[in-house]
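Some notes on the structure that comes next.
The values are calculated or read from the model by the stated rules, or taken from the named source; none is laboratory data. None of the values given here were measured: they were computed from a predicted structure. Quick reminder, even Gly has a Cβ in these numbers, built from the backbone with ideal geometry, and neighbours come from all protein chains shown. Side chains are part of the model used for accessible areas, which takes the heavy atoms of the whole protein and leaves out ligands, DNA and RNA. Shrake-Rupley method; radii C 1.70, N 1.55, O 1.52, S 1.80 Å.
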Amino acid sequence: MPAQLSPEAAAIVRVRIPSPLRSYTGAAETDVAVPVLAPELPPTLRGVLAALDLGYPGIRFRIIDEQGNVRRHIKVFVGSRLAGDLSTPIPAGAEVMIVAALSGG
Amino acid sequence: MARAKKTPVPTASTKRVRLLVATRKGLWTLASDPARNAWKIAGPQFLGHIVHHAMLDPRDGRTLLAAARTGHLGPTVFRSIDNGRTWKEASRPPAFAEGSGRVVDHTFWLTPAHASEPGVWYAGTSPQGLFRSGDAGVTWDGINGFNQHPQRKAWCGGDQDGTPDGPKLHSILVDPRDARHLYIGMSGGGVFESTDGGADWRPLNKGVRADFLPTPNPEYGHDPHCVRFAGGHPDRLYQQNHCGLYRIDRPNDLWEDIGVGMPKAVGSIGLPLVAHPRDPDTLWVFPMDGTSVWPRTSPGGRPAVYRSRDGGRSWKRQDQGLPKAQAWWTVKRQAMTCDARDPTGIYFGTTSGEVWGSRDEGRTFRCLARHLPHIYALESA
């Protein structure tokens, strides 16, 4: 698990991984440690994905393009809500779920 | 027409042939016995990945790169330094500059650079972008001389324009005499040349038709499908274009139409082109139906290779062993190749997942593999 910071400085966020990305994680879910700059500033999806990529190099670019947008056939949920962009805050205890949308043939 | 001067190139007379078969659903390899008679298939690697291209580095004989993506995930490059036994992902795959607004949909084309630059590779992407790796494919950087050229958008059009599967930068050619002398082909955009290692580019499209554009002789905006050096003679290039077949003999900058000798019922439209590895006057093409709504099938459902031995002045149909009727597949621009043997082997992979091969320069063909996924690229390795 890529947690590298002390519990005081980091929020632990559970990330659920879809099957196309499990070649990176080897598991359907993983916990990542996201730095918390101040108690009143919750971690964001940007921080979660950065922490995920630290543990599993290359995974972020398969999800997010070089302009910082979620790729066309990927959806990311924070809790039960679809995340609009990377600045989406992660409430305490919320899980991040990455979904490979139905597509292709 | 003057015949090109031939430069002797050593041949590997009895070497086994290996083919890298890049498909819509993964990568396979086909390996021959020394006689090129028996073939064994192995794979898949990357099952479920769309593999647009896979190439061996001829400078070390063991490094392989594969350009891949899946239906869901973003594009990447896989690399092997042990001839395909193990693979690792590039740590920084080709990607446009942050803030440019452009997104690489997939890496489409891979070219090992000059023999004097071990570990250097070039990659062409969809939409049109040019990238360079100096560490055998681990990290990639954009070539700003192209990607940020003030004329790039005028040359290429928007990122949504172009071929049905997305606009592409392909046919990255490195002059074997000069590492800084490069050519690229773009669908759309045309053929461009750089003499300073990619710092600047100029269009090289005179004489090439662009029937789909309103101006009769545009400087750029053409649709080359595949551009190759003539074997052993890098002052000559052949081009299979959306609007016919062409040859150019540098330093001349005018392409000559060599499609006029093709049978009218077949036409001169196609995607791939293969140059003989040693004879600069010999090349092969695989025509497809480019009439009406562009079916992109073999014309009339009767597939055939066409070969010229006189630089494109005349063509001979080669279809012995191929289906005689009701075969509606075609061959994509990277899916036809040759080996270095004498006589040269000619190979192609079809949109219906078959690999066909000839060990007598196209006189007779036989099917080497079938039931594979849609084949995107075939390279001899």
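Within segment B:304-313, does at least one residue satisfy the condition of being farther than 25 Å from B:Trp39 by Cβ, without any contact (Cβ under 8 Å) to a residue 60 or more places away in the chain and not in a strand (DSSP E or B)?
Yes.
Test B:Gly145 against the criterion of being open to solvent by less than 10 Å² (accessible area, probe 1.4 Å) and either under 19 Å from B:Arg202 (Cα atoms) or among the charged types (D, E, K, R) (or both), and give yes or no. Steps first, please.
Working: open to solvent by less than 10 Å² (accessible area, probe 1.4 Å): no; either under 19 Å from B:Arg202 (Cα atoms) or among the charged types (D, E, K, R) (or both): yes.
So B:Gly145 does not fit the description; no.
Which one is nearest to the other protein chains (Cβ to nearest Cβ) among residues in segment A:61-82 that are open to solvent by 40 Å² or more (accessible area, probe 1.4 Å) and either touching a residue at least 40 places away in the same chain (Cβ under 8 Å) or aliphatic (A, V, I, L, M) (or both)?
That would be A:Val70.
Within segment B:126-144, work out how many residues are assigned to a strand (DSSP E or B) and of a type outside the set (Phe, Trp, Tyr).
8
Looking at segment B:157-164, is at least one residue at pLDDT 95 or above and either assigned to a strand (DSSP E or B) or open to solvent by 10 Å² or more (accessible area, probe 1.4 Å) (or both)?
Pass one, segment B:157-164, residues at pLDDT 95 or above: none.
So far as segment B:157-164 goes, no, none of its residues is at pLDDT 95 or above and either assigned to a strand (DSSP E or B) or open to solvent by 10 Å² or more (accessible area, probe 1.4 Å) (or both).
Of all residues in segment B:99-146, which are on the phi > 0 side of the Ramachandran plot and of a type in the set (D, E, K, R)?
Matches in segment B:99-146: none.
Looking at segment B:354-374, I want the residues that are touching a residue at least 12 places away in the same chain (Cβ under 8 Å) and closer than 11 Å to B:Trp39 by Cβ and have a partner that is among the aliphatic types (A, V, I, L, M) and not in a strand (DSSP E or B) with Cβ atoms under 6 Å, at least 6 apart or on another chain. Which pairs are those?
Qualifying pairs under 6 Å: none.
Count, please, the residues in segment A:20-35 that happen to be away from every other protein chain (no Cβ under 14 Å) and crowded, with 17+ Cβ neighbours inside 10 Å.
Total meeting the criteria: 4.
Quick check on this structure: which one of A:Pro43, A:Pro91, A:Pro57, A:Pro39 is farther than 22 Å from B:Thr70 by Cα, loosely packed, with under 15 Cβ neighbours inside 10 Å and within 14 Å of the chain's Cα centre (by Cα)?
A:Pro91
Please find, among B:Gly311, B:Gly261, B:Gly231, the residue that is out of contact with any helix residue (DSSP H, G or I) (no Cβ under 9 Å at 6 or more places or on another chain), under 24 Å from B:Ser194 (Cβ atoms) and not charged (D, E, K, R).
Of B:Gly311, B:Gly261, B:Gly231, the one residue that is out of contact with any helix residue (DSSP H, G or I) (no Cβ under 9 Å at 6 or more places or on another chain), under 24 Å from B:Ser194 (Cβ atoms) and not charged (D, E, K, R) is B:Gly231.
In this structure, does A:Ile17 turn out to be surrounded by 16 or more Cβ atoms within 10 Å (Cβ to Cβ) and touching a residue at least 60 places away in the same chain (Cβ under 8 Å)?
yes
Quick one: B:Arg236 ticks every box in (1) among the basic types (Lys, Arg); (2) more than 25 Å from B:Ala154 (Cα to Cα); (3) open to solvent by 40 Å² or more (accessible area, probe 1.4 Å) except a single one, so which number is it?
(3) is the only condition that B:Arg236 fails.
Before we move on, is B:Ala123 in a strand (DSSP E or B), at pLDDT 95 or above, within 21 Å of the chain's Cα centre (by Cα) and of a type in the set (Gly, Ala, Ser)?
Taking the combined requirement at face value, the residue satisfies it.
Name the one entry in B:Ala115, B:Ala97 that is within 13 Å of chain A (Cβ to nearest Cβ), open to solvent by 30 Å² or more (accessible area, probe 1.4 Å) and assigned to a loop (DSSP other than H, G, I, E, B).
B:Ala97
Evaluate segment B:289-296: report whether one residue or more is free of Cβ contacts under 8 Å to residues at least 40 places away in the same chain, surrounded by fewer than 20 Cβ atoms within 10 Å (Cβ to Cβ) and not in a loop (DSSP other than H, G, I, E, B).
no
Just one of the numbered conditions (1) closer than 18 Å to B:Arg333 by Cα; (2) open to solvent by 10 Å² or more (accessible area, probe 1.4 Å) is not true of B:Phe286; which one?
Just one mismatch for B:Phe286, condition (2).
Just to check your reading of the model, which residue among B:Glu219, B:Glu256, B:Glu193 is within 28 Å of B:Val120 (Cβ to Cβ) and acidic (Asp, Glu)?
Being within 28 Å of B:Val120 (Cβ to Cβ) and acidic (Asp, Glu) holds for just one of B:Glu219, B:Glu256, B:Glu193, which is B:Glu193.
Have a look at B:Val104, B:Val138 and point out the one that is within 13 Å of chain A (Cβ to nearest Cβ), modelled with pLDDT of 95 or more and open to solvent by 20 Å² or more (accessible area, probe 1.4 Å).
B:Val138
Going by the conditions given, is A:Thr30 at pLDDT 95 or above and over 23 Å from B:Val103 (Cα atoms)? Talk me through it step by step, then tell me what you get.
Numbers: at pLDDT 95 or above: yes; over 23 Å from B:Val103 (Cα atoms): yes.
Criteria met by A:Thr30.
I need every pair where a residue in segment B:55-74 that is away from chain A (no Cβ under 14 Å) and over 26 Å from A:Ile98 (Cα atoms) has its Cβ under 7 Å from the Cβ of a residue that is open to solvent by less than 10 Å² (accessible area, probe 1.4 Å) and among the aromatic types (Phe, Trp, Tyr), sequence separation at least 6 or different chains.
Going by the 7 Å Cβ cut-off, the qualifying pairs are B:Leu65/B:Trp121.
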